[in-house]
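Reviewing the structure listed below.
Taken together, the values in this text are just the output of simple stated rules run on the coordinates, not laboratory data. Since we're looking at a predicted model, the values are computed, not measured. Here the Cβ is made from the backbone with ideal geometry for all residues, glycine too, and neighbour counts use every protein chain on show.
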């Protein structure tokens, strides 16, 4: 019995992939803009018992890593993220039949990285506006682009763990048989 995975049947066009990236970055940018216009800096607005809106400007990396350093990290992060986005986009466009799961993982990763890269380019920092707490301990603030990155990473790992190499008979001409 041969099982065909849905992700191997459906492949998104390059235009659809690019459109999704643009939509994700646009939505992230819109929410950040609303947060900057409607929230006071570092003043929590309680949503429920475990989360609140909390506007901060992150000059560091993920989860405020290196946030207190000078300004050298801005150029480094922007360069690394731009290179990573280009590499992921090249994989997304040029991989032969990457499958739906891998395509969506790369789209989410590019959308999240590009959303935060846009912030760094426009403001010199990333706009974060949501944080969580558990028994009085607060998480670093995050944004929608961070959620894209986390979801994309989870999908990528799941894809890599479930990826099956093509059987040798599918790779070799005539199933590896000699003669014609």
| field | Contour excess over end-to-end distance, with Cα ends at residue 138 and residue 76 and 0.36 nm allotted per residue | value | 19.5 nm
| Among 107, 47, 31, 142, what is the fewest-to-most ranking by other Cβ atoms within 10 Å? | 47, 31, 142, 107
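Taking neighbour Cβ counts within 10 Å as the exposure measure, how do 127, 157 sort from fewest upward? Can you show the working numbers first?
On the way: 127 24, 157 11.
Least crowded to most crowded, the residues run 157, 127.
What order do you get for 81, 93 when you list them from fewest to most C-beta neighbours inside 10 Å?
Details: 81 17, 93 12.
So the ranking, lowest neighbour count to highest, is 93, 81.
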